[in-house]
Amino acid sequence: MPDVDGPGEDEWDALADEAGGLGAGADPAGDGGSSVDPGAGMTHAWIFTGPPGSGRSVAARAFAAALQCVHGTGCGTCPGCHTTMTGTHADVRLVAPEGLSIGVNEMRALVLRAASTPSGGRWQVVVIEDADRLTEAAGNALLKAVEEPPPRTVFLLCAPSTHPDDISVTIRSRCRVVPLRQPPAAAVAEELVRRDGVAPDMAQWAAAAAQGHVGRARRLARDPEARGRRESVLAVPRRLTGVGAAFDAASTLIEAAEAEAEASVAESDAPERAALETAPGAGGTGRGAAGAIRGAAGQLKDLEKRQKSRATRAQRDALDRALVDLAGFYRDALTMALRAPVAPVHTDTAALAAAGAEKWDAEGSLRRLEAVLACRAAIEANVKPRIAVEAMMLSLWKG
Ligand SMILES: [Zn+2]
């Protein structure tokens, strides 16, 4: 990976020092019984920050792999590295919130398990993706663990930034920060060609359209449905010809996000439910089975709650992607109106954006861009998505 993708060079050096020097060197026997405290000098809590798509959770996972590497180098091929990267290492726990937030019960259970001695590896590593989605109570539970970390436990948090909205000041003060930069489109395109075998033309287009988000660029390059959804979002500005059309456009956008979310969660929902329903005791009779059935029913309810919360999140994520695409369009109109020497985000709708720039001028383009950003902020602040999107469409139409 080119270094624009990851932490700055100094940070990689620091990571390598901690992973190699302390992970492997301090306890060469790997038995945990040496008289030197293996955790002495290790930083037990880290925060990887960067915008979505900058690869913060990948970087955190790579660091976790380096800590578990049998060679102490993060070679990428040994069992320690391999099982960490595939999510099956016994001493590495990956936490990705399925709902809109990570709750206190989940966090308490995690902290408890993280305090145990590593079973095979050198460290118990906990990777918390989207640490900005911790509830306040969960944050407090984590803070206690970070303040007095068990000697062999390392917490790796991922968040968009270290702003107090994303991560509490007290947790931040206990962590070492590894800031990641968003890679430029050219670097993303190169990666798509090299690693995914995407044709150069397609790679360049997808990298620009994804605005620096590596995962989104890959999806656009490889999934025709993702390209279709993007096209229908970018058709919105053209369709806004009146109040009725604005409401229609809002419905279309919301329904497209719902459909996309449904498709993405349906894949995991059904097998999860089937696994629970066929769990031991679920279909039995008799005294013992009655208790088991009650237990299974409770579990099923829990699962349904989790799945619903995951569906809500998938829907918000899908809608947010659409809004980012739309914001890119008005940003193009704005830069064209200002005759700024920058490449358009959406090359395929550049002509349309130029026509918009002509009609709206810089001021009108900016107002429309702001309407899209305000819609994102409103949804983030828990305004009902349909209401926020309808308000946005009306602003986009009226200018
Ligand atoms: Zn290794």
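The values are calculated or read from the model by the stated rules, or taken from the named source; none is laboratory data. Source: prediction; values computed, not measured. Quick reminder, even Gly has a Cβ in these numbers, built from the backbone with ideal geometry, and neighbours come from all protein chains shown.
For the stretch 78-89, a residue qualifies if it is more than 6 Å from the ligand (Cβ to nearest atom) and outside any helix (DSSP H, G or I), and the qualifying residues are Gly87, Thr88, His89.
Residue check: Ala333 meets all listed conditions (1) within 17 Å of the chain's Cα centre (by Cα); (2) modelled with pLDDT of 90 or more but one, namely (1).
On inspection, Pro224 fails the criterion of being at pLDDT 90 or above and over 21 Å from Gln315 (Cα atoms). Considering Pro164, Pro151, the condition of being surrounded by fewer than 19 Cβ atoms within 10 Å (Cβ to Cβ) and in contact with a Pro (Cβ under 9 Å, 6 or more places away or on another chain) is satisfied by Pro151 alone. Listed by first and then second residue, the pairs linking a residue in the stretch 137-164 that is in a loop (DSSP other than H, G, I, E, B) to a residue that is aromatic (Phe, Trp, Tyr) and crowded, with 20+ Cβ neighbours inside 10 Å, with Cβ atoms under 6 Å apart and 6 or more places separating them unless they lie on different chains, are Arg152/Trp123. Do we have Leu366 as at pLDDT 95 or above, under 27 Å from Glu225 (Cβ atoms), within 29 Å of the chain's Cα centre (by Cα) and surrounded by fewer than 21 Cβ atoms within 10 Å (Cβ to Cβ) here? So Leu366 does not fit the description; no. Tell me, which residue of the stretch 90-119 that is within 16 Å of the ligand (Cβ to nearest atom) and either in a loop (DSSP other than H, G, I, E, B) or of a type in the set (Lys, Arg) (or both) is surrounded by the fewest Cβ atoms within 10 Å (Cβ to Cβ)? Once the filter is applied, the top-ranked residue is Ala90.
Which residue pairs have Cβ atoms under 9 Å apart, sit 6 or more places apart or on different chains, and have a first residue in the stretch 372-399 that is closer than 14 Å to Val243 by Cβ and a second that is hydroxyl-bearing (Ser, Thr, Tyr) and surrounded by fewer than 17 Cβ atoms within 10 Å (Cβ to Cβ)? What qualifies is Glu390/Ser251; Trp397/Thr241. Among the conditions (1) polar (S, T, N, Q); (2) in contact with a strand residue (DSSP E or B) (Cβ under 6 Å, 6 or more places away or on another chain); (3) closer than 24 Å to Arg306 by Cβ, Thr88 misses just one, which is (2). Here Ser168 fulfils each of the conditions (1) among the polar types (S, T, N, Q); (2) under 30 Å from Asn140 (Cβ atoms); (3) under 16 Å from the mean Cα position of the chain (by Cα) apart from (3).
Within the span defined as the stretch 357-368, one or more residues are at positive phi and in a helix (DSSP H, G or I). Arg122 meets all of the listed conditions (1) more than 16 Å from the ligand (Cβ to nearest atom); (2) basic (Lys, Arg); (3) touching an Asp or Glu at 6+ places or on another chain (Cβ under 7 Å) but one, namely (1). Each residue in the stretch 46-66 was checked for being touching a Ser or Thr at 6+ places or on another chain (Cβ under 9 Å) and more than 10 Å from the ligand (Cβ to nearest atom), and 9 of them qualify.
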